[in-house]
Amino acid sequence: MNTRPNAENRVVLFVGCGQAATLHSRIMARRFPEVDRLYHSRSHERAKRLVASVGGEALSGSLDAALAHERVDAVFVTTPPASHLTVALEALDAGKHVVVEKPAFLDAREFDLVEAAARRCSKQVLVAENYFYKPVARRLRALVAQGVLGQVRFIEINAVKRQSAEGWRLDPALCAGGALFEGGIHWVSLMANLGMEIQSAHGFFPDAPPGYERSAVFVAEYAQGAVGVLTYSWEIPGTLRGLRLSRIWGTRASILFESNGLFVLRSGRRPRLYFPASTDIQGYRAMHDDFMRALTTGQPPAFTLRAARRDVELVRSAYATASVSPAAYGRES
């Protein structure tokens, strides 16, 4: 059965024309070719280059003029994180729904402002956290919910790789944090959406202070008694051509899975091997379908603004609990 929502007459304005806008535009064009896509950037030439690649229309003029476009009903914010709040509030004030890339906003205060604005104008704010929608995440949640693991004791997530960081990702003033905040928040979200509640988080940052790190260890304590450890890096070469193995240990059975979701192996009396990611391994297709359904029906998305807020607060908690000696980095106390 085709459950794809009807998106006729919908117009989405992309604000920001970098990598994220390119990625989401291509997915949207495939899933919802009936949606009209408009683009605004501080550089009109950049917007035109993106349109030449993915289709749509590049708007000239100011951001205020683009937001005032009468046909636009949703704004997709793909600018650097430090500007998310400003663009989202302006879009809401213009009476538009908002879709915002992760990390959505920088702290609890910013979420308070956005939530109040969304209530005031009766519009939705959706956060593009695709890891929530990944097939492997859905499989892990199902196995935990079914109780086949018994009491979950340990969670170990391996997210180590070498990744180039360029442009605004090298500027803490624009990305508002280091690797854990800009990219690791995906994995923090995965850990927070296994069907158990994280009640405390701690961070460890070798060789760099929080906000400048390229490697991090994130430790989560769950209300249900489990302990989870995420090892995340942008600077360490992977093994086995990028194959990374993660685990969940329970009192009845355990899970071994490829971190990106190629397979899930459940141990126990009746071992079982799953291949949850035959399609849509990154979860983008399911996420876009859910967002379009939310915008069409007015119902909330599966991944809520409250969940996005929790993820940011967990990362901020990890930064706050990190033991860092400023003198070790040539900084004054």
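The values are calculated or read from the model by the stated rules, or taken from the named source; none is laboratory data. The model shown is predicted, which means the values in this text are computed figures rather than measured ones. Please note: Cβ atoms are built from the backbone with ideal geometry, for glycine as well, and neighbour counts cover all protein chains shown. Protein only, heavy atoms only, side chains kept; ligands, DNA and RNA dropped before computing areas. Shrake-Rupley method; radii C 1.70, N 1.55, O 1.52, S 1.80 Å.
The rows are residues; the columns are (1) in contact with a Phe, Trp or Tyr (Cβ under 8 Å, 6 or more places away or on another chain); (2) open to solvent by less than 50 Å² (accessible area, probe 1.4 Å).
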{"residue": "E221", "(1), (2)": "no, no"}
{"residue": "R241", "(1), (2)": "no, no"}
{"residue": "R247", "(1), (2)": "yes, no"}
{"residue": "S259", "(1), (2)": "no, yes"}
{"residue": "F263", "(1), (2)": "yes, yes"}
{"residue": "D290", "(1), (2)": "yes, yes"}
{"residue": "P300", "(1), (2)": "no, no"}
* Asked: Considering only the range 6-17, how many residues are surrounded by fewer than 17 Cβ atoms within 10 Å (Cβ to Cβ) and either among the small types (G, A, S) or closer than 13 Å to D289 by Cβ (or both)?
  -> 1
* Among the residues of the range 6-42, count how many are polar (S, T, N, Q), at pLDDT 95 or above and more than 18 Å from the chain's Cα centre (by Cα). => 1
* Subset of the range 48-99 (residues that are open to solvent by 40 Å² or more (accessible area, probe 1.4 Å), over 25 Å from N130 (Cα atoms) and either in contact with a Gly (Cβ under 6 Å, 6 or more places away or on another chain) or not in a helix (DSSP H, G or I) (or both)) -> E57, S60, G61, S62, A68, H69, E70, R71, A94
* Asked: If you take the residues in the range 276-293 that are among the aliphatic types (A, V, I, L, M) and under 13 Å from R31 (Cβ atoms), which one is farthest from the chain's Cα centre (by Cα)?
  -> M292
* Structure fact -> Inside the range 196-219, the number of residues satisfying the requirement of being surrounded by fewer than 20 Cβ atoms within 10 Å (Cβ to Cβ), farther than 21 Å from D171 by Cα and of a type in the set (G, A, S) is 1
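From the set of residues in the range 167-225 that are polar (S, T, N, Q) and closer than 28 Å to A20 by Cα, which is nearest to the chain's Cα centre (by Cα)?
So, considering only residues that are polar (S, T, N, Q) and closer than 28 Å to A20 by Cα, the one nearest to the chain's Cα centre (by Cα) is S189.
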* Top-ranked residue of the range 100-113 - restricted to ones that are surrounded by fewer than 23 Cβ atoms within 10 Å (Cβ to Cβ) and among the hydrophobic types (A, V, I, L, M, F, W, C), ranked as nearest to L174 (Cα to Cα) -> L106
* Structure fact -> Flagged pairs (Cβ under 8 angstrom, 6 or more apart or on separate chains; first in the range 155-173, assigned to a helix (DSSP H, G or I); second at pLDDT below 95 and open to solvent by 60 Å² or more (accessible area, probe 1.4 Å)) are W168/L174; P172/Y212
* Asked: When only residues in the range 279-288 that are over 16 Å from H186 (Cβ atoms) and surrounded by fewer than 18 Cβ atoms within 10 Å (Cβ to Cβ) count, which is modelled with the lowest pLDDT?
  -> T279
* Asked: Would it be correct to say that I236 is open to solvent by less than 20 Å² (accessible area, probe 1.4 Å), under 22 Å from I155 (Cα atoms), in contact (Cβ under 8 Å) with a residue 24 or more places away in the chain and over 21 Å from the mean Cα position of the chain (by Cα)?
  -> no
* Asked: Restricting attention to the range 111-154, and to residues there that are of a type in the set (V, I, T) and assigned to a helix (DSSP H, G or I), which single residue is nearest to P237 (Cα to Cα)?
  -> V136
* **Answer residue from the range 18-47, given it is part of a loop (DSSP other than H, G, I, E, B) and not small (G, A, S) and is surrounded by the most Cβ atoms within 10 Å (Cβ to Cβ) among those** => F32
* Asked: Tell me, which strands (runs of 3 or more DSSP E) lie completely within the range 199-304 with 3 or more residues that are farther than 15 Å from L149 by Cα?
  -> 215-222, 227-233
* To do: Could you grab the pairs with beta carbons closer than 7 Å, sequence gap of 6+ or different chains, first residue in the range 24-39 and within 18 Å of L67 (Cα to Cα) and touching a residue at least 24 places away in the same chain (Cβ under 8 Å), second one among the polar types (S, T, N, Q) and open to solvent by less than 10 Å² (accessible area, probe 1.4 Å)?
  => R37/S25
